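Report on one structure; see the data block that follows.
The values are calculated or read from the model by the stated rules, or taken from the named source; none is laboratory data. For clarity, every value in this text was computed on a predicted model and none was experimentally measured. Methodologically, a virtual Cβ is constructed for each residue, glycine included, from the backbone with ideal geometry; neighbour enumeration extends over all protein chains shown.
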Amino acid sequence: MKTLWVGGWGVAPKSILDLAQTRFPDAEHTCVAPAQDAIELIKQGAYQAYVGYSLGASLVLSEVGKSIKAENVYLMAPFVNVAKQASCLSKLSIAQVEWLCRLVEQNPKEALTRFYSFAGLADKTDGTLPYSKNELLWGLSYLLKTKAPVSIKGIVQLILGGYDKLVDKFLMQALFPDAMLIEEAGHDYRDLISYLKIGAR
């Protein structure tokens, strides 16, 4: 099965790709950063399964009903917006995202370190960026502009962590009542991927 993975903000695509290949060794995997190129790739509709993690889930959802079908979509810890008040599905405020944008401009490695710590991710900055600075800024700008979905219907699987520091599990469950809640997990993809069942209905 040809599977496209769209990763989370600040997460190296290879980190997710390595886990995907281990978890689903019989599938053909492509993993990309959550950036404009990812949207173009999704629009091609050339894959049998689309897995969106964190910010990547927002990009995948943006094409459901357009380029891809909901029945081919899987989401992990979907970080879909930082809109105002009632429509906000994340625990990050607009001010925090704007602050992160400024820090990326000044010191992207420091911005990533702060984000990993806040989000509860085990990722580390090792001297190189997970993908380009421009793409990091693009992702934050996208979050500030996008609106929360009114509903999430028909997708195969949505996995949430009970201790997610970024996603409001209660509001997300209201949109997708069949979401799988992993009480002991947070936002880290390492804790969620083992529950993913690509190809299952």
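For the reader, a short list of remarks on this structure follows.
- Each residue in segment 169-191 was checked for being touching a strand residue (DSSP E or B) at 6+ places or on another chain (Cβ under 7 Å), part of a loop (DSSP other than H, G, I, E, B) and at pLDDT 95 or above, and 3 pass.
- Summed over segment 40-82, the residues that are part of a helix (DSSP H, G or I), in contact (Cβ under 8 Å) with a residue 24 or more places away in the chain and out of contact with any Leu (no Cβ under 8 Å at 6 or more places or on another chain) give a count of 6.
- Within segment 95-113, the presence of a residue that is over 20 Å from SER141 (Cβ atoms) and in contact with a helix residue (DSSP H, G or I) (Cβ under 8 Å, 6 or more places away or on another chain) is excluded.
- Screening segment 93-121 for residues that are surrounded by 12 or more Cβ atoms within 10 Å (Cβ to Cβ) and of a type in the set (Gly, Ala, Ser) and picking the one that is nearest to the chain's Cα centre (by Cα) gives ALA119.
- Residues in segment 1-34 that are buried (at least 24 other Cβ atoms within 10 Å of the Cβ) and either within 21 Å of CYS101 (Cβ to Cβ) or of a type in the set (Ser, Thr, Tyr) (or both): VAL6, GLY7, GLY8, TRP9, GLY10, VAL11, ALA33, PRO34.
- Sole exception among (1) out of contact with any strand residue (DSSP E or B) (no Cβ under 7 Å at 6 or more places or on another chain); (2) in contact (Cβ under 8 Å) with a residue 24 or more places away in the chain for LYS145, by number: (2)
- Odd one out for TYR50 among (1) surrounded by fewer than 20 Cβ atoms within 10 Å (Cβ to Cβ); (2) touching a helix residue (DSSP H, G or I) at 6+ places or on another chain (Cβ under 6 Å); (3) closer than 16 Å to GLN157 by Cα: (1)
- Verdict on LEU171 being surrounded by 14 or more Cβ atoms within 10 Å (Cβ to Cβ) and under 17 Å from LEU59 (Cβ atoms): no
- Qualifying residue in segment 10-23 (condition: touching a strand residue (DSSP E or B) at 6+ places or on another chain (Cβ under 8 Å), over 26 Å from THR146 (Cα atoms) and assigned to a strand (DSSP E or B)): no
- Being at pLDDT 95 or above, more than 16 Å from the chain's Cα centre (by Cα) and part of a helix (DSSP H, G or I) is a property that ASP37 lacks.
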